[in-house]
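**Q** Next up is a structure, given as structure tokens.
What follows draws every value from the coordinates through simple rules; no lab data is involved. None of these values were measured; they are calculated from a predicted model. We place every Cβ from the backbone using ideal geometry, glycine too, and count neighbours over all the protein chains shown.
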């Protein structure tokens, strides 16, 4: 009898084990986690922490996340990096606005700024295959800081890469190319790490030379420039004093505390005058009050007497209402101990929703805050004043983040930089320390000493090499008295002006165009090869 082979139905046949495959979402999730962690590491490099070296590490992680990504992937990872960085950096906005406003202004601004890094991440994928890819990628990231300082609503340059570097190896580069060059050096150092590690793992020693240069050269160049940073007096020196009268920590509620601000600074000035007369501190040549601590409508006998007691010209931060009818300006007024108020500088770059309300008709739908809020008028003159026998550059508060304001004051002959500021609005969230870090970078950029006078801290006297000579604590009444050098050196950064920034933007645009051309040619070559293969 013949045996007949019976084949089991396919559904009953034993299943062949399939090889295990990793789930598709795992690489994506790991990249996202790396991106978010890298953005947070970048945030940790900012003041008040002296961890400047974390910035290139953060960008190295970001570079790893972008490797091999296409346009939309670069956009998403860049945006995630920006959100992870900006959310903690700008949390002080919550201290300013308080719980009544909720988190939406803070979240909205953080997301808007993250969008710029998203664009940078997307464009970085376009230039990744060009020779010297990390150079072009770094230029793109820094180039996106330029439109961010312009748009929307006058821009928001806070959180630029260079502002994480008041200490360390990179800061001397500010004297050569300002904040754009410092930021480029930081990003390049990080972005050159992945190709360097890749070449070393492949033992491609010759191929590792360029990425190794990208990691090493910015650091070595910065360190080599340290001996060139001068701090000596060149045109004399001044004894300066700051008055920090303190303010209540009430955020936006400070709008109703103008009388308290004035009284506190009059009281602290009286205490400083007693110390001067007793010989406890030297007689200052110049006294500096913080931003907007007194209203100015005309004659002010109390302030006249206070300045006379101090015995020195005083820069008084005022809400100036004595000009054209209906015009209010944020001004720094030179108050002479004998002749009273004189020359003044008015803030050029006003803060939206703080010093003026854009799109007021729309804004009032969101919050009733704007109903009783007046718009200030920006000034038009350069940030420089003649006082105490010299010229002083006088950016006010937020203006220190804009390159052109301080540069304009120095170009007009400023031999000292004075920064009056009202950081009491922003609580203890780190804003005051972040601003001080920017001031320290400006000191090196322009080779000038900087005197920061804050309502509630941090006030400081900064040497031309960015070193903090004296400083106060936050939310305390205090004064500082110290000797600062006057300098008229013109740094290469001052001579180049904005051309360093525009040059990087131009190079970034050229690199993107070159990357697009390379992509088109690569696709055409691939299509022609496919057609030739089919025809053969």
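**Q** For the chain, what is the relative contact order in percent, using Cα pairs closer than 8 Å and at least 6 residues apart in sequence?
**A** 16
**Q** Can you sort 239, 423 so the residue with the fewest Cβ neighbours within 10 Å comes first?
**A** Ranking 239, 423 by Cβ neighbours within 10 Å, fewest first, gives 239, 423.
**Q** Counting C-alpha atoms alone, how compact is segment 25-228: give Rg to one decimal and Dmax as a whole number, in angstrom.
**A** Spelled out, the Cα radius of gyration and Dmax of segment 25-228 are 16.9, 60 Å.
**Q** Pop the C-beta distance of residue 221 and residue 153 into the FRET formula with R0 = 35 Å and round what comes out to the nearest 0.05.
**A** Given R0 = 35 Å and the Cβ-Cβ separation, E is 0.45.
**Q** If you average the C-alpha positions of segment 135-209 and of segment 461-536 separately, how far apart do those two centres end up, in angstrom?
**A** Here the answer is 6 Å between Cα centres.
**Q** Can you bin every Cα-Cα distance in segment 376-488 into 10 Å intervals starting at zero and give me the percent of pairs per bin, rounded to whole numbers?
**A** 15, 49, 31, 4
**Q** To continue, here is another question. In which sequence would 140, 461, 209, 229 go, from the one with the fewest C-beta neighbours within 10 Å to the one with the most? It would help to have the intermediate numbers written out before the result.
**A** Working: 140 26, 461 22, 209 12, 229 19.
Placing the least packed residue first, the sequence is 209, 229, 461, 140.
**Q** Hey, what angle do you get for helix 258-278 against the long axis of the chain, alpha-carbon based, 0 to 90 degrees rounded to 10?
**A** Computed tilt is about 60 degrees.
**Q** Segment 322-342 to segment 229-278: how many Å between their Cα centroids?
**A** Centre-to-centre (Cα) distance: 18 Å.
**Q** Would you mind telling me the antiparallel percentage of the DSSP bridges in segment 378-536, rounded to 5?
**A** Taking every DSSP beta bridge with both residues in segment 378-536, the antiparallel ones total about 60 percent.
**Q** Next question. Which of 474, 291, 100 has the fewest other C-beta atoms within 10 Å, and how do the rest follow up to the most?
**A** Numbers: 474 19, 291 23, 100 11.
Neighbour counts put them in this order, fewest first: 100, 474, 291.
**Q** Which angle between 0 and 90 degrees, to the nearest 10, do you get for helix 301-310 versus the longest principal axis of the chain when only C-alpha atoms count?
**A** The angle comes out at about 90 degrees.
**Q** Something else about it: Full extension from residue 308 to residue 30: what is 0.36 nm times the residue separation minus their Cα-Cα distance, to one decimal in nm?
**A** 93.6 nm
**Q** Next question, about the same structure. Quickly estimate the mean residue ellipticity at 222 nm for the chain, helices only: each DSSP H run with n ≥ 4 gives -39500 (n - 2.57), and the total goes over all residues, rounded to 500.
**A** Here the helix-only value at 222 nm equals -15000 deg cm²/dmol.
**Q** Relative to the present Cα-Cα distance, how much length would full extension add between residue 517 and residue 256 at 0.36 nm per residue of separation?
**A** That pair, residue 517 and residue 256, stretches by 88.1 nm at full extension.
**Q** Semi-axes of the equivalent ellipsoid of segment 273-324: what are they in whole Å, largest first, if each equals the square root of 5 times a C-alpha gyration tensor eigenvalue?
**A** 25, 11, 8
**Q** Which whole number in µm²/s is D for segment 201-317 by Stokes-Einstein, with the Kirkwood Rh taken over Cα pairs at 37 °C and 0.692 mPa s? All intermediate terms of the calculation are to be shown ahead of the outcome.
**A** Working: Rh = 18.6 Å.
Rounded to a whole number, D works out at 176 µm²/s.
**Q** Just want to confirm a number: the relative contact order over segment 42-192, from Cα pairs under 8 angstrom separated by 6+ residues, in percent.
**A** 30 percent.
**Q** Between the helical axis of 71-89 and the dominant principal axis of the chain, each derived from Cα atoms, what acute angle in degrees is found, rounded to the nearest 10?
**A** 30
**Q** Considering only DSSP beta bridges whose two residues both sit in the chain, what percent are antiparallel, to the nearest 5?
**A** Percentage antiparallel, nearest 5: 65.
**Q** While we're on this one: Please work out the FRET efficiency for the pair residue 197 and residue 234, using the Cβ-Cβ distance as r and a Förster radius of 41 Å; give the result to the nearest 0.05.
**A** The calculated FRET efficiency here is 0.35.
**Q** Take the Cα coordinates of the chain, assign each an equal point scatterer, and use the Debye formula without solvent to give log10 I(q)/I(0) at q = 0.06 Å⁻¹.
**A** Values returned for q = 0.06 Å⁻¹ are -0.35.
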